[in-house]
Amino acid sequence: MSVPDLKKKYAAESAEFLEQIVPVDYVLVNNSLKETVKGEKFDYVIASHVIEHVPDIVSWLKDSIYLKPNGILSLVIPDKRYTFDITRDESSPADVMGAYIERHTKASTASVYDYLAEGRSNNRSGRSLV
């Protein structure tokens, strides 16, 4: 979101909070890094807690072509042992390559079901989430 949009979203927060919103260099266009940066190259890219949400990891990594030669891609990836996903299966190489070959742009029905079914079993309220 742009700074004005962020300030609008958090309008109920204190003035001190709103003053702490930092400048935003890029706002994602059509969910596409390519459209957003329009071919610009970067010395480094930092992606914190992003890759685990990407439906097609291979294509997403190929988007790192936006790095200058010898550029650095730094990923912050959550430690599954300390998340609600602890009991979920890890993605297999077949899952990763299947999503790439099929050009997934959103989570598969199977992965959404897996997430919701796992959430139900970890739900402390006792109410079904599926």
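The values are calculated or read from the model by the stated rules, or taken from the named source; none is laboratory data. Only a predicted model underlies this, so the values are computations on that prediction, with no experimental measurement involved. Reconstructed Cβ throughout: ideal geometry from the backbone, glycine too, with neighbour counts over all protein chains shown.
For T83, are the conditions met, namely being β-branched (V, I, T), over 17 Å from the mean Cα position of the chain (by Cα) and modelled with pLDDT under 85?
When the stated conditions are applied, T83 does not pass them.
Considering each of D56, D63 in turn, give the residue that is surrounded by 10 or more Cβ atoms within 10 Å (Cβ to Cβ) and under 23 Å from Y115 (Cα atoms).
After applying the criteria, what remains is D56.
When residues of the stretch 47-78 are filtered for being within 24 Å of A110 (Cβ to Cβ) and of a type outside the set (K, R), how many remain?
Number of matching residues: 15.
Output the residue which, of all residues in the stretch 81-114 that are among the charged types (D, E, K, R) and exposed (fewer than 12 other Cβ atoms within 10 Å of the Cβ), is farthest from I57 (Cα to Cα).
Narrowing the stretch 81-114 to residues among the charged types (D, E, K, R): 81, 85, 88-90, 95, 102-103, 106, 114.
Those left that are additionally exposed (fewer than 12 other Cβ atoms within 10 Å of the Cβ): 81, 89-90, 102-103, 106.
On the way: R81: 21, D89: 17, E90: 14, E102: 12, R103: 10, K106: 11 Å.
Looking at the filtered set, the residue picked out is R81.
Could you name every one of the helices (runs of 4 or more DSSP H) located completely within the stretch 4-113 that has at least 2 residues being of a type in the set (D, E, K, R) and free of Cβ contacts under 8 Å to residues at least 12 places away in the same chain?
Hits in the stretch 4-113: 15-19.
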